[in-house]
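Step one of this worksheet: look at the structure below.
Only the coordinates and a few stated rules stand behind these numbers; no lab work does. Predicted model, so just to flag it, every value in this text is computed and none were measured. Glycine gets a Cβ as well: all are built from the backbone with ideal geometry, and neighbour counts include every protein chain shown.
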Amino acid sequence: MSEKPKIALYWCASCGGCEEAVLDLAEKVLDLVNAVDIVFWPVAVDFKIEDVEKLPDKSITASLINGGIRLTEHEKVVKLLRQKSQYVIAYGACSAWGGIPGLANLYKREELLSRAYFEVPTVVNEEKVLPRTYKDEELGIEVEVPEVLPRLLPLDRVIEVDYYVPGCPPTPDVTWNAIQALLSGNLPPKGSVIGASSKALCDECPLNETKPDKLLIKEFKRITEFTPDPEKCLLAQGLPCLGPVTRGGCGALCIKANMPCTGCFGMLDNVSDYGAKALSFLASILDVEDEKEVERQVKEKIADLVGRLYRYTLPSSKLGGKVFKR
Amino acid sequence: MAEFKPKIVVFACNWCTYAALDLAGTSRMKYPANFRVIKVMCSGRVDPQFVLEAFKQGADGVIVAGCHPGDCHYVNGNMKTLRRMTMLKKMLEEMGIEKERFRLEWISAAEATKWVQVANEMVEQVKALGPLKPRLEVKE
C-alpha cells in the first residue's frame, strides 16, 4: 500500500484554463504523478464524489480548487474537500478572487439567466425553460440541477483557504513552485500566496530599467492606437500597465509580448482591494490638473473602468460587485 | 418607522478642512450631527480603499475634503486627490453607488460657513437616498 501524499483537484466556475495549466507542467507532470496519488480530478481521472466521501477526514494532503463558487454544487463539493483535506489551495485567479466569471457580479442573477437562456441571439427557447430539477417520467428518476447562487464568490468566502496560487492561469513555474512548497512542507504562514513573487511585477520586468524615476504621463493611450516600442517601459509610453500594483511571478509574459499587464496575479500583500489600489496608482501618474480632462481620459482612454481595474478581483473587492437598488 | 439618520464619514485634511471644522465648533455654528470625522495629514493620503471600506462598514455617504488647489500644505498632494476622487466617482457610479453619496470638497481653514453649508446639503441628499448598508448584503 503506497503512502504517497494524496492530491485532489476540482473545478468550479472557471474556463478550464487552470486544468490545462496543470498539464502545462509538461514532462514534470510525470514527476508529479510519481510523487503523489491523485484521488479526485473530474476533468482527467474517473473518481466520483462518493469515492471522496469514503475517505477519512484530513486524509487528502492538498486539494487544489480552481474557479469561483457560482452553483450550490460547487459549495457542496468544496465543503466536502475541506473536510477531507489538510490543505486547501485556491488555485488561479477565479478561485482566489473571483476572476473573469466574477465580472458577472455587475448583474443580477435574474439578468444573467435571462440573458443566457432567452436573449442570446443563438438561443431558441420559446417555452422559456430555465434549468431546474425535474422528474424524468420515462426513467422514473429525479434529475437534479444545481442552483445558481445570487453572486459569484471567491473560495475563501465559502470555506477556509490555506494558500493561494495566483494567475489566470498560474504559469507552469508558479504551479511547480507551489507544488514543491506543499510537498516539502516548507510553507509560509497560512493565508499566504505561494509559488509567486512577493514583489510587484515591475521588479522582474525586462523593461524596468527604462522606467523613468518620476513617472508622469499627460495622456493615457489605448493599445489599439499605436504599436508600442518593445524596448521601452509601457507606462512611459502612456499605456495603463498595471505592473506596479500587481504581484510578480509570471515572468512578465504579457509585457514580453508587447501588451500591458492586466493584473491577473492580483494584489500585493497588504492590499485588500485591487481595483481601488490600481485606480489610485493610475490617478497618481496622470499629469493633469483639470477635473474635466480626467473625466474625458477615463471615458475615452480607459473606457471600462470597473472591467479594466477589477478584471480578476471583483467578487473579492470591498463591495463584491454592483450595488443594486432594492 | 424610526427616522433615517445617515452616517457620513468625512476625511478631512489636517491643515485646512479640519481647521475649518474646528472653527465652526469654536464659532458655535450649528450643523447636523451625522458626521464621523477622520483627520488625515493630507487629502492625498486618502486611499480609494478607505472610501470603499467606509461604505462597506456602513457609511451612507463619504466626504473627502482638503485645501483648495494651489494651497496644499504639501504643494500638490491635493492634485492627486482631485484625480483619484474624480476617477473614484466614476467607479462608484459604475458600481451602483449614487454620486450624491460621495463628495469631494475644497474647504480652507477660514471657511467654516462653507463646511456648514456642505454638511447640511450632504445630509439632505443622503437622507433622500435612504440607507446603503442593507443594499450591500446579498442574500446567500
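If you take every DSSP beta bridge fully contained in the protein assembly as shown, what fraction is antiparallel? Give it as a percent rounded to 5.
20
Using θ = phi - 60° and the Karplus relation 6.51 cos²θ - 1.76 cosθ + 1.60, list the HN-Hα couplings for segment B:67-79 in order, rounded to whole Hz, with x at every Gly or Pro.
The phi angles translate into 5, 4, x, x, 9, 5, 4, 10, 6, 9, x, 6, 6 Hz.
Set Lys and Arg Cβ to +1 and Asp and Glu Cβ to -1, take the dipole of chain A about its Cα centre, and tell me which of A:Thr227, A:Pro42, A:Trp97 lies farthest positive.
Projecting each Cα onto the dipole axis, the largest value belongs to A:Trp97.
Separation between the A:Lys218 and A:Glu295 pseudo-spin-labels, each 7 Å from Cα along Cα→Cβ, expressed in nm?
2.3
Mind giving me the FRET efficiency for A:Lys48 and A:Ser272? R0 is 35 Å, r the Cβ-Cβ distance, nearest 0.05 is fine.
Efficiency for this residue pair is about 0.40.
In deg cm²/dmol and to the nearest 500, what is the mean residue ellipticity at 222 nm of chain B if only DSSP H runs of at least 4 residues count, each as -39500 (n - 2.57), divided by the residue total?
Calculated at 222 nm, the ellipticity per residue is -13000 deg cm²/dmol.
Taking Cα atoms, how many degrees apart are the long axis of helix B:17-26 and the longest axis of chain B, rounded to 10 and kept between 0 and 90?
Roughly 90 degrees between the two axes.
Return a whole-number percent for the relative contact order of chain A, with Cα pairs under 8 Å and 6 or more residues apart as the contact set.
18
Cβ neighbours within 10 Å, averaged per peptide: list B:98-108, A:165-175 in order, most packed at the top.
A:165-175, B:98-108
What spacing in nm lies between the two simple spin-label points modelled at A:Leu25 and A:Leu113, each 7 Å away from Cα in the Cβ direction?
Rounded to a tenth, the inter-label distance reads 3.9 nm.
Quick one: 3J(HN,Hα) in Hz for segment A:106-118, Karplus 6.51/-1.76/1.60 with θ = phi - 60°, rounded, Gly and Pro as x.
Running phi through 6.51 cos²θ - 1.76 cosθ + 1.60 with θ = phi - 60° gives 7, 10, 6, 3, 4, 5, 5, 5, 5, 4, 6, 9, 10 Hz.
Ordered by packing density, taken as the mean number of other Cβ atoms within 10 Å over each peptide's residues, highest first, how do A:285-294, B:44-53 rank?
Descending packing order for the listed peptides: B:44-53, A:285-294.
Show me, for segment A:167-181, the HN-Hα J-couplings you get by feeding each phi into the Karplus relation (A = 6.51, B = -1.76, C = 1.60, θ = phi - 60°), rounded to Hz, glycine and proline as x.
These are the phi-based 3J(HN,Hα) values: x, 10, x, x, 6, x, 4, 5, 4, 5, 4, 5, 5, 4, 4 Hz.
With a point put 7 Å past each Cα toward its Cβ, work out how far B:His68 is from A:Lys322 in nm, to one decimal.
Using points 7 Å along Cα→Cβ, the separation is 4.0 nm.
In percent, how large is the relative contact order of segment B:8-136, given Cα pairs closer than 8 Å and 6 or more residues apart?
Across segment B:8-136, relative contact order equals 36 percent.
List every residue whose amide H lies under 5 Å from the amide H of B:Val37, counting only residues 5 or more places away in sequence or on a different chain, with H placed 1.01 Å from N in the peptide plane.
Result for B:Val37 returns B:Val10.
Dipole of the protein assembly as shown, Cα-centred, from +1 at each Lys and Arg C-beta and -1 at each Asp and Glu C-beta, to the nearest 20 debye?
Using Cβ point charges on Lys, Arg, Asp and Glu, the protein assembly as shown gives about 1760 debye.
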